[in-house]
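Here's the structure we're looking at; comments come further down.
FYI, it's all coordinate maths here, none of it is from the lab. What you see is a predicted model, and the numbers here were worked out from it, not measured in a lab. A quick note on method: Cβ atoms are made from the backbone with ideal geometry, for glycine too, and the neighbour counts reach across all protein chains shown.
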Ligand SMILES: Cc1cc2nc3c(=O)[nH]c(=O)nc-3n(C[C@H](O)[C@H](O)[C@H](O)COP(=O)(O)OP(=O)(O)OC[C@H]3O[C@@H](n4cnc5c(N)ncnc54)[C@H](O)[C@@H]3O)c2cc1C
Ligand code: SF4
Ligand code: SF4
Ligand code: FES
């Protein structure tokens, strides 16, 4: 049977991290998460990893595989060459807990700041599929935080103090663009969410496993609303008047 | 003396899936303080994986639908073993709970006139499943999560509860550890709601995640509650069978709801041969009638044609597939074919996007061009903690249970879509029940140090031992036993032998050991989970041995017939002097006005 060579990051915030090499037998159709489970089950029961669904639905198993931010349950082993060393590291933007597990609590804190959906009191709850296609796209997000991981504002500039990150622009767009929502999160997005720091590099969109058009459909649309809000108040007002109807 | 931190709340909710979140939201809305704990991160519970939809008689698509029909379908699907009151509340309240989700921001797929769209599912007479493509659970959990965030509920993530604490007969809180660093924690609470989900990890082929180790079932059992209907384990008929790494992964029933056809290796639509006499009249007689039904679904039009036999109940389809494969009529990888490739490919991608992706990414199969290979996979626990229908209270004062961990609602077989609705109907009721109970408790409850020390020692044990069995090895042995001895088809001697092996595993568990520290150590976590898995497995096996008939998901080779006498009781498991005790307890009698619903003239199918 073919064997794969995995170099897996092991470590905690106090011990210096190191890569440990494991040899894992490869079965047809195997994914990286299967290989990690093999290590846990037969070689090293202590190896820490998060996972739940094994079907790219829960967003738990994010890691950097040969440097690419990926869902391990979706990354096939047969894409690597025979004998190639496969490096598996935790996502870098968030503080390490142990091995492949990181502290992603930042994201949960940001989420709390987004004002909830607020429908009009007299809403009829009748709306067309085409009016919600876009919102449904945003709501596909599985919170894998891979977009947060690659965004340079968080990863390289460490602006967690002033920037919510692409995931939460998507989330905000999902409520802002709901046909029955009457809220206005635009000033908040600009002033606290740091929407202006985004310079549309689209790295987030490239890694999104749900293929959400984060930059084009969420971020740019929100930026346009910011422009209206601050420079074309009439347009902003009209949009709000016709929302929720 | 154990080191631990203490938190105090009125209500502690264990589990943050649909049931736990809905319970926490309700309890907190009643004005009591609420903590919510979960083993994974928030939003990753099993509920997130639910695909096909949530059942509620909104009658947006089929106007003839109403709660009475939903009630009858649920009871018929459950082979009359359901707790009638739960089935009634569920059918009556699920429409309002779904509308509530919509008001909280859930965005369901729409009908052409702008209402919530509903699709067909197995065992449901009318099109009843509200859905968002094939990611309905994600929509539900996010909606509840975002609602909960703004309600002041304290959330403790990656925290595993290992023991319920009591003051005399009453619940007084719970003990657990944080996965991140292994530190211990005591939650003092006047009421505890269990919403921990199911127990599929004890089986070798399952759609369930690592979390499903039957914790709530075991915690309740150890605290003195009783578990009912544990012999009823749902094998979902369509799990992936290939490649090996994804074996068991779910293929939503939504595929069949959208027109997916089941065929054996001879190309035969074998389900026509497996319809039980009692429900045959509800299904298409031949391929032509079945095609008319699918065509009408595609057009969103009405039809007199009856639904395809592929939409029979899960117990029945799972058995049929198992038998076809056993008779040599299976696919190369030991399943049968599920085919939706004859439909327009854009429609398939729109209605079943995650199935399309799943097969493309993981199996190199394009479901718009090729059939899928599918076979049964352990999916859902019908059995669980016995509760009062109206309040979700167990027999232990202060202990409540809702969602998959509770028993009674689904009887001998659950209909697809009836779980998500169960979660929000009974999650809400459990939250209200617990809040009301907690508000009525004046005294401060006392928890003895002995209980806490015992809980801590149990966790320390595997770390201090050397050279014992590996927890992963033990888990593999347990899965093998359950797969071989307590699978889809059961038999006296095979079950008895399985129980004997479970007894051996119980002994082996005492020697289990693990290396390393308490820092995020999954092997250490599994050592404790195994105990719960074994308790559940034993309860399943013993109940299965005691029910000497075939009913719903419980199929006995030595008792192939359904015995009307055995509809009169539920098998209940509880602990007596440290040993598992089994009783046959009378099933509550359905009142006459509900019984009448089953006599009503059947309407034509649309
Ligand atoms: C792939 C798949 C698809 C499905 N599709 C559908 C569908 O379309 N329609 C439908 O109706 N049903 C469906 N089901 C079934 C349904 O999703 C589940 O039955 C339901 O989500 C269970 O919800 P719950 O709230 O009871 O538990 P879960 O959502 O599983 O949540 C359990 C929670 O308890 C926590 N927990 C467990 N043990 C402990 C402990 N010891 N300490 C602390 N926390 C603990 C977990 O961390 C988790 O947060 C599907 C199931 C699967 C697996
Ligand atoms: S497009 Fe904006 S949010 Fe996305 S990665 Fe680039 S800077 Fe970050
Ligand atoms: S937007 Fe995409 S990449 Fe970002 S968290 Fe959601 S699913 Fe992941
Ligand atoms: S395990 Fe759920 S996304 Fe990978």
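Rounded to the nearest 10 degrees, the angle from helix B:471-485 to the longest Cα principal axis of chain B is 40 degrees. On a 0 to 90 degree scale, rounded to 10, what angle separates helix B:314-326 from the longest Cα axis of chain B? For B:314-326 against chain B, the angle is about 80 degrees. Cα centroids of the range A:28-97 and the range B:189-257: 24 Å apart.
Between rounded, prolate and oblate, where does the protein assembly as shown land on the alpha carbon gyration tensor, with a ≥ b ≥ c its root eigenvalues, rounded for a/c under 1.5, else prolate if a/b exceeds b/c? Cα axes put the protein assembly as shown in the rounded bin.
With both residues required to sit in the protein assembly as shown, DSSP beta bridges show an antiparallel share near 70%. Helix B:136-149 and the long axis of chain B differ in direction by around 40°, with both axes built from C-alpha atoms. Note on chain A: with a GNM built from Cα contacts shorter than 10 Å, the maximum mean-square fluctuation among A:82, A:210, A:143 falls on A:82. DSSP bridge analysis restricted to chain B gives an antiparallel fraction near 65%, rounded to the nearest 5.
Does the range A:18-73 classify as rounded, prolate or oblate by the C-alpha gyration tensor (a ≥ b ≥ c root eigenvalues; a/c under 1.5 gives rounded; else a/b over b/c gives prolate, otherwise oblate)? Cα axes put the range A:18-73 in the rounded bin. Distance from the alpha carbon centroid of the range B:337-358 to that of the range B:1-46 works out to 38 angstrom. Taking only the Cα atoms of the range A:160-245, the ratio Rg/Rh comes out at 0.97, with Rh defined as the Kirkwood radius.
Return B:452, A:220, A:142 ranked ascending by Cβ neighbour count within 10 Å, so the fewest neighbours appear first.
Result, fewest neighbours first: A:220, B:452, A:142.
Cα centroid separation, the range A:111-154 to the range B:360-409: 27 Å. Our helix-only sum for the protein assembly as shown, with -39,500 (n - 2.57) per DSSP H run of n ≥ 4 divided by its residues, gives a mean residue ellipticity at 222 nm of -10500 deg cm²/dmol.
Looking at chain A, what % of its DSSP beta bridges pair antiparallel, to the nearest 5? Before the final figure, lay out each step's value.
Values: 18 of 22 bridges.
Close to 80 percent.
Considering only A:136, A:148, A:79, give the residue with the highest GNM mean-square fluctuation for chain A, with springs between Cα atoms whenever their separation is below 10 Å. Its mean-square fluctuation being the largest, the pick is A:79. What shape does chain A have by the C-alpha gyration tensor, where a ≥ b ≥ c are the square roots of the eigenvalues, rounded means a/c under 1.5, and otherwise prolate means a/b greater than b/c and oblate the rest? Because a/c hits 1.5 or more and a/b exceeds b/c, chain A counts as prolate. Counting 0.36 nm for each residue step from residue A:112 to residue A:152 and taking away their Cα separation leaves a gain of 12.1 nm.
As a size descriptor, the averaged projected area of the C-alpha convex hull of the range B:236-378 was calculated at 8.2 nm².
From least to most packed, judged by other beta carbons within 10 angstrom and beginning with the fewest, B:229, B:282 follow the order B:282, B:229.
Mind checking which of A:33, A:100, A:234 has the largest fluctuation in a GNM of chain A, springs on alpha carbons under 10 Å? Highest fluctuation among the options: A:234. Neighbour counting of Cβ atoms within 10 Å sorts the residues A:75, B:368, fewest neighbours leading, into B:368, A:75.
Using the alpha carbon gyration tensor of chain B, what are the three equivalent-ellipsoid semi-axes (square root of 5 times each eigenvalue), largest first, in whole Å?
Working: eigenvalues 280, 146, 109 Å².
Over the Cα atoms of chain B, the semi-axes work out to 37, 27, 23 Å.
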